[in-house]
Amino acid sequence: MSLSKFKLGGIVVSPADTMRVGKTDLRVTRMAFGAGTIGGMYSEVPHEQALSTIRRALSLGVKFFDVAPFYGHGMSEMRLGEGLRNVPRDSIMLATKVGRLLVPAPKGYHNSFFWNAAPFIPKFDYSYDGVMRSYEESLKRLGVDRIDILHIHDPDDHFEQALGSAFPALAKLRSCGAVGAIGVGMNQAEMLTRFAKEADFDCFLVAGRYTLIDQTALHELLPLCVKKDITVFIGGTYNSGILATGAVQGAKFNYEDASPKIIEKVRQVEQVCARHAVPLKAAAMQFPLAHPAVASVISGCRAPSEVEENARMLSFPISQDFWNDLVHEKLLPSDAPIPRSNANSER
């Protein structure tokens, strides 16, 4: 598949291009593979389909893979490890997370969120020992001897323990070379701002809070990350679905049915997309990368065709007039960085 390219600040960008992570020597591709979906998020994903999806991402130049013990309750890590088994370790970047330990599920337990879940249930644990145990268990499930990026996962109700116990464990792993970079992954921007102020992190995973329709992270978190050289990865670029499906009945925003206000905003964005013949998904994938703090967008894919589509959307040529119209119609903040695009970019 031939990938077109778009321009950010005059520099041609493709999904396989790389960016440095914080002050480290690590480099990640602009498009990352989000492995939550291959654990059967929302619906079943056959095993071979999951492996084929990983292989297709690799073939398109995607070398940054994001996973967590929570995803598929261990299944996503196991499938990702199998899919990457014959890939030279130094050619890829692996990110996983700590904060949830997996314990055996009781007899008869049914997981309604991850259809391919392994027979475990997650238990929050942000203690020093819990973090070290989680790290070791992830190594085994992934079949690797090191993790490149290790995040504290969803410490929304555990800030003090995450800062006082989990962070020192991550810092220890970083100092001894067991991980290359440490961060926090959350669905909110406010607590990430606190972490940025109080500890030495290399990167953050910000899910859903810097997207085409939600710029919560714009005015405090992202400028602070630029100042402190904390690299940001953007997850949830489709805001749980509505920026993929459009403003249709039952569209999801932030894992719930979208409110009438969100539906209306997306409908207005779609009108601008229609005028400029721009797919909504393309705008959603490209917008976050214009911010100087953002290195990658994480794309959750459950089939090879979805990897291909997301790669096309990330590379779809979009005219500057499109972005200007979104700002003019107050659908994007006037101070939000926008891609400096060239609709006639070479393929």
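The values are calculated or read from the model by the stated rules, or taken from the named source; none is laboratory data. What you see is a predicted model, and the numbers here were worked out from it, not measured in a lab. Quick reminder, even Gly has a Cβ in these numbers, built from the backbone with ideal geometry, and neighbours come from all protein chains shown.
Of note:
- Residue match in region 175-190 (condition: among the β-branched types (Val, Ile, Thr), under 17 Å from Ala35 (Cβ atoms) and crowded, with 16+ Cβ neighbours inside 10 Å): no
- Among the residues of region 306-339, those identified as under 30 Å from Val45 (Cα atoms) and assigned to a helix (DSSP H, G or I) are Glu306, Val307, Glu308, Glu309, Asn310, Ala311, Arg312, Met313, Leu314, Ser315.
- Taking region 1-42 as the range and being among the basic types (Lys, Arg), modelled with pLDDT of 95 or more and in a strand (DSSP E or B) as the test, the residues that pass are Arg20, Arg27.
- Annotation note: of Ala217, Ala207, the sole residue that is touching a Lys or Arg at 6+ places or on another chain (Cβ under 6 Å), buried (at least 20 other Cβ atoms within 10 Å of the Cβ) and not charged (D, E, K, R) is Ala217.
- Residue count for region 83-115, restricted to those that are at pLDDT 95 or above and among the hydroxyl-bearing types (Ser, Thr, Tyr): 2
- Selection status of Phe113, of a type outside the set (Val, Ile, Thr) and in contact with a Pro (Cβ under 6 Å, 6 or more places away or on another chain): no
- Hits in region 200-254 (condition: among the hydrophobic types (A, V, I, L, M, F, W, C), touching a helix residue (DSSP H, G or I) at 6+ places or on another chain (Cβ under 8 Å) and in a helix (DSSP H, G or I)): Leu221, Leu224, Cys225, Ile242, Leu243, Ala244
- Candidates in region 35-89 are the residues that are of a type in the set (Asp, Glu) and touching a Gly at 6+ places or on another chain (Cβ under 9 Å); of these, the one that is surrounded by the fewest Cβ atoms within 10 Å (Cβ to Cβ) is Glu82.
- Here His151 fulfils each of the conditions (1) outside any helix (DSSP H, G or I); (2) surrounded by fewer than 16 Cβ atoms within 10 Å (Cβ to Cβ) apart from (2).
- First in region 228-249 and closer than 10 Å to Pro288 by Cβ, second anywhere and in a loop (DSSP other than H, G, I, E, B) and aliphatic (A, V, I, L, M), Cβ under 6 Å, 6 or more apart: Val232/Ala293
- When residues of region 82-123 are limited to those that are more than 21 Å from the chain's Cα centre (by Cα) and among the aromatic types (Phe, Trp, Tyr), the one nearest to Gly183 (Cα to Cα): Phe120
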